[in-house]
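Student: One structure, pasted below without further comment.
The values are calculated or read from the model by the stated rules, or taken from the named source; none is laboratory data. None of the values given here were measured: they were computed from a predicted structure. Cβ placement follows ideal geometry from the backbone for every residue including glycine, while neighbour counts extend to all protein chains displayed.
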Amino acid sequence: MEKQAAGTDGHAHGTNGRRAAHERLSTGALARWARACATHPWRVVFGWIGIVVVLIGLVATVGGSLRDEFEIPGSDTQRATDLLESEFASEQGGVLNVVFAAPEGERLDTPARKAAIEDAVARLESDEFAPTDDKAGLTSVGDPFDEATFSDDGRIAYTEAQFDQTIEDKDREAVVAVQESVRETVEPAGVTVEYNGEAEFPPIEQGASEALGLLAAIIVLLLVFRTFVAMIIPIALAIVALATAFLLLFILAGLTDINTITPILVSMIGLGVGIDYSLFIVTRFRQLLHDGLSPRDAAAEAGASAGRAVFFAGLTVAISVSGLAFIGLDFVTKLGIGSALGVLTTVLIANSLLLAVLALLGHKVDKLKVPFLRPVDDSEAGREKTLVARWGRFVTANARFVFPVVLLLVLALASTSALVRLGAADQGTQPTEQTSRRAYDLLADGFGPGFNGPIPIVVDVNGDSQAPQKIHDRVEGLAGVASVGEPQLNDEETVAIVFVTPQSAPQDEETDNLVDRLRGDVVPAATAGGDARAYVSGQTAAFKDIADQIIDRMPLFLLYIIGVTFIVLAMAFRSIVISAKAAVTTLLSAFVGFGVLGLVVQQGHLLGLTGLDVTGPIETFVPPIAFAILFGLSMDYEVFLMSRIREEHVHGLKTRDAVEHGISAIGRVVVAAALIMGTVFAAFILSADRIPKEFGLLLAIAILTDALIVRMTLVPAFLTLMGEKSWYIPRWLDRVLPNLTIESPHNGDQPAPKLDAPPEPVAGH
């Protein structure tokens, strides 16, 4: 929109604004689509109702459930897994470790306690828990009083309850029935029982984090809009978009494996962008209403301008997430795709349903004003008086001081990412409220910390029948090894497993080193001269394989994301300076997030605030997924802010003035959007599981750093120092690149000035 000169009276401002608004309505395909949505709002509303009904029908017919599937193609871990699945069929079901403990300083083998435990085991072996056609059941239960499963001090024992199949969400009821049966039998005798193993996983608990995030968003939106009606629109859109994303997720789960952590990411990303994207469009709609447009014209123009930026921002997220395919890990790619569903649905709904609702509401969007808060002055003169506008003018006026100081601060925080260690945090780092954590602690007390993470060496005998025993003999007595089991062979004696128990916990660096020694020295030496092949597997080895593949593919992944985004931004802003600046600053924000995450969950600083009590490494798959999401979301703020700055520049303002006017026009909304998204992410720190905590903390820190420190401080100072050079693009590249504009074309636009030279002033500025 053309800006009106500050200082005119209200009537003149309204008349001039109305005239200017009507003279410069947007044109183009997106503008025509937005106008159609605003002109026929009820068609859009009923259209979306029909779409949701169809999606519900698809979920009921082809939808599936979530299950964890981690394949690492070409790795030792995957080769070992494939061998076990083909040759040890009886071991394919899920195992539930049932851990018994007597009170501190007492024993389990007293007559009463031993009888109670034996009764519990006998009950599990009865037909009550046998497998049936419609539910999972137990095929075997071990003896907890066997020498290998009974601790030396007699206080702790365990048994393995073998299910007939892998345990998924739908089988949770059968696992709970087993647990309740054992607990009812042994607790009256003074025996504590806890559970872990692959059959024990806590159900996905969602609702509390989302509710806290919504509450924080409501408070911020009320402060921004000062009316309840305007506040409720972004909240409602986010909920609708999130519900639609979940329908798509479970349809996708019926077609392929989707991991159980995915819904957390869908909620986290979907709520954040759902509220943020609609916040930008509703803000532009209200500004246009106050400039004198009719509700339908204002809705159409908001969709053509802010909606265009939303569409472009969604495109950057899609580009970032698609780059995860270069990692070469199927589950990582699917986690990224799943987390992007919230962005996809938000972009579609914001550019259709939201415009229809705004056209129907019209001036009612300003109804139900918040008591005790002054209404927001959305005029240009009012925006120039805001705290954000004053901050923008301070940054540009002191750019020579602000830029180096802020850059050094960001670099110092980013440098802490060098301390990050990737790996697999074991169950010993989970909250103590989970039975798997308590079982882990009991087993570590009774049998040593390495007991919770045995390292299986899977041997494909291949005619060399002595190979398993050679491996056993070489591992026995090795530094860092607590014990090694005798080789276990399948019925055909073609495949063997040698279980190695380390002295250290699964997540410890010493265990990583032991895996390296086994793979690099011990196993090759034991199989030399024969045809046997041995593969070191287990949790620690698997996460090392994941980390190795991620590190190997990371250059290609980063090259794709940064390269494609650089080209797209260069096409949109016609400047390689803007594109390069966006890529570099986003990398800095990401490294700040990784560094702070490492300081908290790995180094232990302020660890108690996360609800964790034990430090551990960061899961290997968290950085690439978080980086892809962050890169896309960071570009959102880049697009929203820079598109407004460029719009001011194209229509005649020098770079410094364009920066100041752009910040005053959109900066308050960028700050509000960042606070909303940051608090939504931070709310997931309260999740019961460690991984959502890591994602929530990392993304919250990175987003707040990116929006508040980088976009609103470092970037304006940089642009001020660069001046008109900010818009530099080589002439040959300008000719080669297609012209992709973020701001929509308008009726009555004058030809845009060349951006590699200072623009000529345009009347009205």
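Student: Scan the range 416-434 and report the pairs whose first residue is in the same structural domain as residue 621 (by TED's automatic domain parsing) and whose second residue is part of a loop (DSSP other than H, G, I, E, B) and surrounded by fewer than 18 Cβ atoms within 10 Å (Cβ to Cβ), with Cβ atoms within less than 8 Å and a gap of 6+ or a chain change.
Tutor: Once the first residue is in the same structural domain as residue 621 (by TED's automatic domain parsing) and sits in the range 416-434, its partners that are part of a loop (DSSP other than H, G, I, E, B) and surrounded by fewer than 18 Cβ atoms within 10 Å (Cβ to Cβ) give 419/603.
Student: Suppose we filter 559, 569, 641 for residues that are within 30 Å of residue 545 (Cβ to Cβ), among the aliphatic types (A, V, I, L, M) and more than 18 Å from the chain's Cα centre (by Cα); which single one remains? First the steps, then the outcome.
Tutor: Numbers: 569 fails: within 30 Å of residue 545 (Cβ to Cβ); 641 fails: within 30 Å of residue 545 (Cβ to Cβ).
Sole residue among the options that is within 30 Å of residue 545 (Cβ to Cβ), among the aliphatic types (A, V, I, L, M) and more than 18 Å from the chain's Cα centre (by Cα): 559.
Student: Check the range 306-313 and report whether any residue there is surrounded by fewer than 24 Cβ atoms within 10 Å (Cβ to Cβ) and of a type in the set (A, V, I, L, M).
Tutor: no
Student: So residue 614 passes all but one of these: (1) more than 25 Å from residue 718 (Cβ to Cβ); (2) assigned to a helix (DSSP H, G or I); (3) hydrophobic (A, V, I, L, M, F, W, C). Which condition number does it fail?
Tutor: If we test residue 614 against (1) more than 25 Å from residue 718 (Cβ to Cβ); (2) assigned to a helix (DSSP H, G or I); (3) hydrophobic (A, V, I, L, M, F, W, C), just (2) comes out false.
Student: Does the range 62-80 hold any residues that are under 30 Å from residue 248 (Cβ atoms) and not in a loop (DSSP other than H, G, I, E, B), and which are they? Before you say what the answer is, go through the steps one by one.
Tutor: From the range 62-80, those under 30 Å from residue 248 (Cβ atoms) are 62-73, 78; that's our starting set.
Hits for the range 62-80 are 62, 78.
Student: Also, I was wondering about something else. Please determine whether any residue of the range 587-595 is over 20 Å from residue 549 (Cα atoms), touching a Gly at 6+ places or on another chain (Cβ under 9 Å), modelled with pLDDT of 85 or more and among the polar types (S, T, N, Q).
Tutor: No - not one qualifying residue is present in the range 587-595.
Student: Same structure again: Of 176, 193, 182, which residue is surrounded by fewer than 17 Cβ atoms within 10 Å (Cβ to Cβ), hydrophobic (A, V, I, L, M, F, W, C) and closer than 30 Å to residue 131 by Cα? Can you show your working first?
Tutor: Details: 193 fails: surrounded by fewer than 17 Cβ atoms within 10 Å (Cβ to Cβ); 182 fails: surrounded by fewer than 17 Cβ atoms within 10 Å (Cβ to Cβ).
Answer to the selection: 176.
Student: Residue pairs, Cβ under 8 Å, 6 or more apart or interchain, first in the range 63-87 and closer than 17 Å to residue 498 by Cα, second in a helix (DSSP H, G or I) and modelled with pLDDT of 85 or more. List them.
Tutor: Final answer for the pair search is 76/519; 76/541; 76/545; 77/541; 77/542; 77/545; 78/545.
Student: Please state which one of 317, 310 is touching a residue at least 40 places away in the same chain (Cβ under 8 Å), under 17 Å from residue 647 (Cα atoms) and among the aliphatic types (A, V, I, L, M).
Tutor: Working: 317 fails: under 17 Å from residue 647 (Cα atoms).
Every option except 310 fails the conditions.
Student: Please verify whether residue 547 is small (Gly, Ala, Ser), under 30 Å from residue 319 (Cβ atoms) and surrounded by fewer than 21 Cβ atoms within 10 Å (Cβ to Cβ), treating the condition exactly as stated. Break it down stepwise before answering.
Tutor: Values: small (Gly, Ala, Ser): yes; under 30 Å from residue 319 (Cβ atoms): yes; surrounded by fewer than 21 Cβ atoms within 10 Å (Cβ to Cβ): yes.
Yes.
Student: Would you confirm whether any residue within the range 584-597 is in contact with a strand residue (DSSP E or B) (Cβ under 7 Å, 6 or more places away or on another chain) and either buried (at least 19 other Cβ atoms within 10 Å of the Cβ) or not aromatic (Phe, Trp, Tyr) (or both)?
Tutor: Restricting attention to the range 584-597, the residues satisfying the condition of being in contact with a strand residue (DSSP E or B) (Cβ under 7 Å, 6 or more places away or on another chain) are 597.
From what is left, the residues that are either buried (at least 19 other Cβ atoms within 10 Å of the Cβ) or not aromatic (Phe, Trp, Tyr) (or both) are 597.
There is at least one residue in the range 584-597 that is in contact with a strand residue (DSSP E or B) (Cβ under 7 Å, 6 or more places away or on another chain) and either buried (at least 19 other Cβ atoms within 10 Å of the Cβ) or not aromatic (Phe, Trp, Tyr) (or both).
Student: Evaluate the following for residue 293: is it assigned to a helix (DSSP H, G or I), at negative phi and of a type outside the set (Ser, Thr, Tyr)?
Tutor: Numbers: assigned to a helix (DSSP H, G or I): no; at negative phi: yes; of a type outside the set (Ser, Thr, Tyr): yes.
For residue 293, the condition - assigned to a helix (DSSP H, G or I), at negative phi and of a type outside the set (Ser, Thr, Tyr) - is not met.
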